[in-house]
Structure formats: structure tokens, C-alpha cells
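Worksheet: the structure to be examined is printed underneath.
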């Protein structure tokens, strides 16, 4: 039997990048996967491809910062499969800036996607997981959630806060068999970084690297706890040297 057979997983931001890699990996290993994202065409196409290949995957067009959308995503999983075993909070956006000059609208957009979204998704699945006395939440944070990079602005602050959110959820629910892990990748080659002129693609992490780590985390024995955020970096500098 496949390692994730019959497990029910929700992946936010599942249409591209890290979310796509995680969703595809889990579906290939037998999980019932529900992906969501704001771009309906993207998530629908991935679900269609997976289904055509014999996997189980459903797509929901949703914004994780909207309560009604979150309810629809969780209902899609629970109503069809009767459980929610795994939640991967991956959806996120990047907008930076120095704090003293940060655009307020940009700040709000980042906090909505990167912090409010994981809070709403976790709040929605936790009653199910608590009733099951099992569940696993994985938050995709960032190296910026462990370091303090000037001008990372809202993005860096949101990821530091996401790390704290995960620890609160872990401590409040671990007696019921619920585990929470936070993954902090360095520079990953995705749509978010692909157009950055300073990135050296050959030296970046790949979405599949993060998917493999997430898979490792969610398949540990139930008594195994990884208590601190897991930092994944590259051996070589992913940034090109700036020449004058």
C-alpha cells in the first residue's frame, strides 16, 4: 500500500511552484488531494492532469484570506472524503520595502495571504483534526522568517509571525495527536523568483526539494515531533554578484 494511501490532504497555493510539487507528490503516493488557488484555470488544469493520470485530486478556486472561500475548500475535502489528515499552508505573496516607507496596501495584501490565510485554514481544519485525534499541519514559511533582511518588510514580518502561529497551534493541540511543522526554504526557483535578475537558477532550490521535505515530515511515526522551523538552504550562493 502506498505511503499516503487514503490520506486526505489540502494544499493551498497548489497550482504552481512549491504547492504544485507538494500536491503532485502526495497524489502520486495515493493521497486524496484538494488544491486551492486564486487562479481557477491553473488549479483546475493541474487537477485535470492528475485525474487523467489516475490520481485523486480536486481543485477549488479560492482566496485563503476570505473566510467563505476557506470554508468551501475544507468542505470539498471533508464532504468528499470524510477527513482532513494534512494541511499544507503554502499560499503566499511577496512585497517588500523598508518599514518607514512601506506601502500600507502592500503590507495588508501580504499579511492577508501569508498570515491571515494560514490562520483561517488552520482554524477551519483543527476541529476536524481534533475530533479525529490526528492531523498534520505544515506551514511553508521562509528563510526570511528566521533572519532579518532589511527591506523585506511585510514579507519578512509575516513569515516570522507564521512561525509563531505554528508553534502556538502545536502546543495547543499536540495532546490530541496533531503535529505542526514549519519549513523555511531559502531561494526557490518559482514564479515568485524566476523574474529576479539577480537569481542564479542553477544554484536555487527546486519546488521538488521542498516537496520531498514535506513528504518526509508527514510520514514520520506519530510520536516524532520536529519542534523548531526547518531551514533548507543551498550549498552555493543563489544570488548573482552585482557588477558595477
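Within region 165-175, does at least one residue satisfy the condition of being touching a residue at least 24 places away in the same chain (Cβ under 8 Å) and more than 17 Å from the chain's Cα centre (by Cα)?
yes
Kindly indicate whether any position in region 55-64 is over 13 Å from residue 214 (Cβ atoms), part of a helix (DSSP H, G or I) and over 17 Å from the mean Cα position of the chain (by Cα).
no
Starting from residues that are assigned to a loop (DSSP other than H, G, I, E, B) and at pLDDT below 90, keep the ones in region 229-244 and report whichever is surrounded by the fewest Cβ atoms within 10 Å (Cβ to Cβ).
244
From the residues in region 95-110 that are surrounded by 18 or more Cβ atoms within 10 Å (Cβ to Cβ) and within 17 Å of residue 13 (Cα to Cα), which one is modelled with the highest pLDDT?
Within region 95-110, the match that is modelled with the highest pLDDT is 110.
Check off (1) more than 30 Å from residue 105 (Cα to Cα); (2) touching a residue at least 40 places away in the same chain (Cβ under 8 Å); (3) in a helix (DSSP H, G or I) for residue 222 and give me the number that stays unchecked.
Result: residue 222 passes all but (3).
Quick one: what pairs do we get from region 47-58, first residue free of Cβ contacts under 8 Å to residues at least 24 places away in the same chain, second surrounded by 12 or more Cβ atoms within 10 Å (Cβ to Cβ), C-beta under 7 Å, 6+ apart or different chains?
47/35; 47/57; 47/58; 47/59; 51/57
Of everything in region 41-73, what is within 11 Å of residue 9 (Cα to Cα) and surrounded by fewer than 23 Cβ atoms within 10 Å (Cβ to Cβ)? Give them in sequence order.
Matches in region 41-73: 56, 58.
The values are calculated or read from the model by the stated rules, or taken from the named source; none is laboratory data. Fair warning: this is a prediction, and the values are worked out from it, not measured in the lab. FYI the Cβ positions are ideal-geometry reconstructions off the backbone, even for glycines, and counts take in every protein chain you see.
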